[in-house]
Amino acid sequence: MASIGGSSTFIIERKSRHVFTSSTLSPTKIENLAVFSGSTSGVTLFCNRGQLWRFKPVRIAADDPEGSLQFTIKKSKKIAERRKLVSSIKSNITDLDEDEAFHEQRDKSLPDVDLTSSSSISAVEDKNGSILSSSDVTSTVKDISEIRPSDEVGDEPEVHLSSEKASSDLGSTKLLKTTDSKAFKSGVLPSFLSSSSDAVLLTSIENENSTKASLEMVGEVHDPAVESTKPPPLAGANAMNIILVAAECAPWSKTGGLGDVAGSLPKALARRGHRVMVVAPRYAEYVEPRDIGVRKKYKVDGQDMEVSYFHAYIDGVDFIFMDTPMFRHMQYNIYGGKREDILKRMVLFCKAAVEVPWYVPCGGVCYGDGNLVFIANDWHTALLPVYLKANCRDNGLMSFTRSILVIHNIAYQGRGPMEDFYSVGLPDHYKDLFKLYDPVGGEHFNIFAAGLKTADRVVTVSHGYAWEIRTLEGGWGLHGIINECDWKLQGIVNGIDIEEWNPQHDVHLKSDGYTNYSIETLQPGKAQCKAALQKEVGLPVREDVPLIGFIGRLDHQKGVDIIAEAIPWMMDQDVQLVLLGTGRQDLEELLRQFEDQHHDKVRGWVGFSVQTAHRITAGADILLMPSRFEPCGLNQLYAMCYGTIPVVHAVGGLRDTVQPFNPFEESGFGWTFDSADARKLIHALGNCLLTYCEYKESWDGLRRRGMMQDLSWDNAAQKYEEVLVAAKYQW
Ligand SMILES: Nc1ncnc2c1ncn2[C@@H]1O[C@H](COP(=O)(O)OP(=O)(O)O[C@H]2O[C@H](CO)[C@@H](O)[C@H](O)[C@H]2O)[C@@H](O)[C@H]1O
């Protein structure tokens, strides 16, 4: 990190828009700002808050404010000219299809561009100085078929899944537009870790997308005309570097809601102006990410394990996939295997993830560790805050980096015998952090407990759940710790990815008789989807019969056994029922039984199929969610967006998001029942069916109100930002 001293005056430029002299910035401020530095031609570059800064000594007297001002004005003019030039280069990059033409243009343009621009330009150069070409390709990613593990590390007996198997998706595909690219040739150590101040700052860059990302990072892609009207980033001065770390990330890997969140929250944070990265394991050979050539070794249980990194830049987010033999071929069994094995996977994942901002360049530039916050998710990554503290902060490293731990489901905790402590590779004095006693597990090793205590802030995915986990019943043994952490705990209701889950554009509704629809075309659109669903699953095609859907992991949490108790009553009604799920074998068997016994009315689809989930959400009239507990729940949110009425157990996030129907005020979005009990479910569902059959206008109102809500991630992202800011200024 460069120091400031002597009589020199420094110019720091960001986005070529703001020019500061060192006299306006104190050394400490600059220390805090400059998180990554490299030096070329005597000019030092800093990366901070997603921006590349130029930091250059100039020959003017520090005590001559007028001279300094003149210089600044002159410099600003030069910068404006330079920006125009870069903007013209950018439009040329877009316009020119042929590499050759691209090269010609570069040859013409580069000599006039000084470092601020050339740092951008170098973002399209490979090691030999030639510019990399790229062409857009549309790649197809197969749906992931996978399940929860049968053997989560030390879960509570009730939620411990006995035996689950992977089942394949039924041929659904998802299109992801991406950019083909040449891979990074090699990774470089960030120069602040290397001894040479002249370390090469920007090496080869992988693709046009990354190029644009890099150009955006240094603030040079803006058309001046557009720029004057373009509002500043929503995050404003709070813009940060954010790294979300999760064991699954849709669409590449998903067993449930965590995958959805990891795939979509980061995009919303990026839209607010943060520089955002997701780090997830590379369970299979994904199409978009490219090997960036960085290799690192970490010790896990006494053994050296090598990891490498794959990168894709999509929708403003750097997706980093960590590759190591332990993750390979686990896509259908992410949390599977022996307790010791999953523990090793998560130890390696978290140890390495902490250092990603040092070693893994995205768009050519590492994130660095200042102005940085990690978002860890569930017990699988709860070791990350602990490693951040033990391996870094205790040693004077990453002092400005913060960690947030998000609780998606506290029932899974990473429990094991105390001996497991010796597998996580921490100093002995960390042992107590993991020690927990409860009547179920006795004294045991608990990863979630350690993560909750160590994280700077804790978020859970609804207000209702934030309350529930403080109680004996809802805390699953961790309520004591949660109550101690009360001051740093906040509930933020999940959003949904409105590009992925939008009846107007849903790619899964474009074939097999389904259709896209909006609030304007709700009536015919939904009727067509319902008919297509009935046809696809082989039920009688009837418009008048209420079609009830259920989608979810088959375990104790989701209450499929409560549906089983209600089945005799349901089968006495004129209804159809389509269930989709995978998980516990006995519950899968239950689904098959429903179908066998009531073949004219029920279909039980055992398997994991994103496409079928979308189609049920669109084609069903009613979505049933009798979850015993539900931290947030995404399916009810998707349902409301698709004009499908939720009937839910009023618990956790379901209570937060499904306001009960009030026939007198014509308000609300669905039906709720207040305990996980078949009789209560029958009562709520009975009222719902009555409204469906007898009160068409009310039904229509319910559907429309649901569809008109803003359930996007944007609101939630703003709230996350508040938490990140609070963490940043917390010591
Ligand atoms: N068989 C199948 N085929 C295809 N898709 C399937 C499927 N089974 C489930 N899904 C999909 O998986 C997701 C499940 O979302 P939930 O919120 O219900 O998840 P889950 O309980 O796993 O997550 C936890 O984390 C999330 C995110 O925070 C919380 O909302 C939730 O309450 C908490 O339990 C949905 O996208 C759903 O469509």
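List of remarks:
- Residues that are basic (Lys, Arg) and surrounded by fewer than 20 Cβ atoms within 10 Å (Cβ to Cβ), drawn from the stretch 390-424: Arg393
- First in the stretch 614-637 and closer than 16 Å to Gly259 by Cβ, second anywhere and within 8 Å of the ligand (Cβ to nearest atom) and charged (D, E, K, R), Cβ under 8 Å, 6 or more apart: Leu634/Asp260
- Only one of the numbered conditions (1) more than 25 Å from Ala717 (Cβ to Cβ); (2) part of a loop (DSSP other than H, G, I, E, B) is violated by Glu499, and that is (1).
- Among the residues of the stretch 554-566, some residue qualifies, meaning at least one is away from the ligand (no atom under 16 Å from the Cβ), surrounded by 15 or more Cβ atoms within 10 Å (Cβ to Cβ) and among the aliphatic types (A, V, I, L, M).
- Applying the criterion of at least 2 residues that are within 16 Å of the ligand (Cβ to nearest atom), under 16 Å from Arg628 (Cβ atoms) and touching a helix residue (DSSP H, G or I) at 6+ places or on another chain (Cβ under 9 Å) to the helices (runs of 4 or more DSSP H) found wholly in the stretch 644-712 leaves 652-657.
- The stretch 449-478 residues that are more than 16 Å from Tyr412 (Cα to Cα), paired with ones that are acidic (Asp, Glu) and surrounded by fewer than 24 Cβ atoms within 10 Å (Cβ to Cβ) (beta carbon under 6 Å, 6 or more apart): Ser462/Asp656; His463/Asp656; Gly464/Asp656
- Screening Arg592 with (1) more than 8 Å from the ligand (Cβ to nearest atom); (2) touching a Gly at 6+ places or on another chain (Cβ under 8 Å); (3) open to solvent by less than 10 Å² (accessible area, probe 1.4 Å) gives one miss only, at (3).
- Scan of the stretch 716-731 for residues that are touching a residue at least 12 places away in the same chain (Cβ under 8 Å) and surrounded by fewer than 14 Cβ atoms within 10 Å (Cβ to Cβ), ordered by number: Gln730
- Of all the residues in the stretch 239-295, those that are of a type in the set (D, E, K, R), touching a residue at least 60 places away in the same chain (Cβ under 8 Å), open to solvent by 10 Å² or more (accessible area, probe 1.4 Å) and assigned to a loop (DSSP other than H, G, I, E, B) number 2.
Listed here are the residues, each with its yes/no results for (1) away from the ligand (no atom under 16 Å from the Cβ); (2) modelled with pLDDT under 95.
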{"site": "Asn207", "(1), (2)": "yes, yes"}
{"site": "Ser228", "(1), (2)": "yes, yes"}
{"site": "Val245", "(1), (2)": "no, no"}
{"site": "Lys267", "(1), (2)": "no, no"}
{"site": "His274", "(1), (2)": "yes, no"}
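The values are calculated or read from the model by the stated rules, or taken from the named source; none is laboratory data. A quick note: this is a predicted structure, and the numbers were derived from the prediction, not measured. Cβ atoms come from the backbone with ideal geometry, glycine included; neighbour counts cover every protein chain shown. The accessibility values were calculated without ligands, DNA or RNA, using every heavy atom of the protein model including side chains. Shrake-Rupley method; radii C 1.70, N 1.55, O 1.52, S 1.80 Å.
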